[in-house]
Amino acid sequence: MILIGFMGAGKTSIGRNLSEILNQPFYDLDKEIMKEINMPLSKYFEIHGESQFRQLEHQYLSKYYQLPGIISTGGGCVETVENRILLEKMNNVIYLKADFDILQKRITDDQVSLRPIAQNNSIEELRSVYMNRFAFYQSCANHTIETDHLTTQEVVDGVINLI
Ligand code: S3P
């Protein structure tokens, strides 16, 4: 199963919970990438730029997408056509959907994950990134869960009921 959605949608925490409940391995693609690059993503973006990161992200998605388990992706995973082709081939792609204002607040409140796309764009620019990706998330997903007013546990239960 693969979790997609914008930054702040809860892909990592929902993925980790699902992996424990379903007793399946969990892969967070951003964390796997960071093991290789050995630096925070914000630093990687600064040195190498976004397009190089997208290439790495594609390599990792290609490597992991067919493995049994739960995979959480970065919010920009749907940006490249190569990734969308892979996602469209899969059966269990879950889109964790949330309203932009809720996501934006979570991103701002999160002092731990410093997200280059959020740091380098104004709120209005970020909103337009969200709007542009919206159709991609929907076309790649087999299932969508509206997470706006749900707790982590309710989202996890919702995913389990879907599969
Ligand atoms: C990105 C989202 C991040 C991470 C990178 C780029 C994006 O992942 O992959 O900073 O383009 O939306 P999260 O969605 O886990 O924050």
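The set of residues in the stretch 27-40 that are surrounded by 19 or more Cβ atoms within 10 Å (Cβ to Cβ) and assigned to a helix (DSSP H, G or I) comprises L29, D30.
The residues listed here are L103, L126; of these, the one that is surrounded by 14 or more Cβ atoms within 10 Å (Cβ to Cβ) and either modelled with pLDDT under 95 or under 18 Å from T12 (Cβ atoms) (or both) is L103. Take the residues in the stretch 33-56 that are near the ligand (Cβ under 9 Å from one of its atoms), touching a residue at least 60 places away in the same chain (Cβ under 8 Å) and out of contact with any Phe, Trp or Tyr (no Cβ under 8 Å at 6 or more places or on another chain), then tell me which one is farthest from R115 (Cα to Cα). Among them, the one singled out is E50. When Q24, Q66 are checked against the criterion of being in contact (Cβ under 8 Å) with a residue 40 or more places away in the chain, part of a loop (DSSP other than H, G, I, E, B) and closer than 19 Å to V93 by Cβ, a single residue qualifies: Q24. Scanning the stretch 66-88 finds one or more residues that are of a type in the set (S, T, N, Q), more than 13 Å from the ligand (Cβ to nearest atom) and under 16 Å from L29 (Cβ atoms).
The values are calculated or read from the model by the stated rules, or taken from the named source; none is laboratory data. For clarity, every value in this text was computed on a predicted model and none was experimentally measured. Glycine gets a Cβ as well: all are built from the backbone with ideal geometry, and neighbour counts include every protein chain shown.
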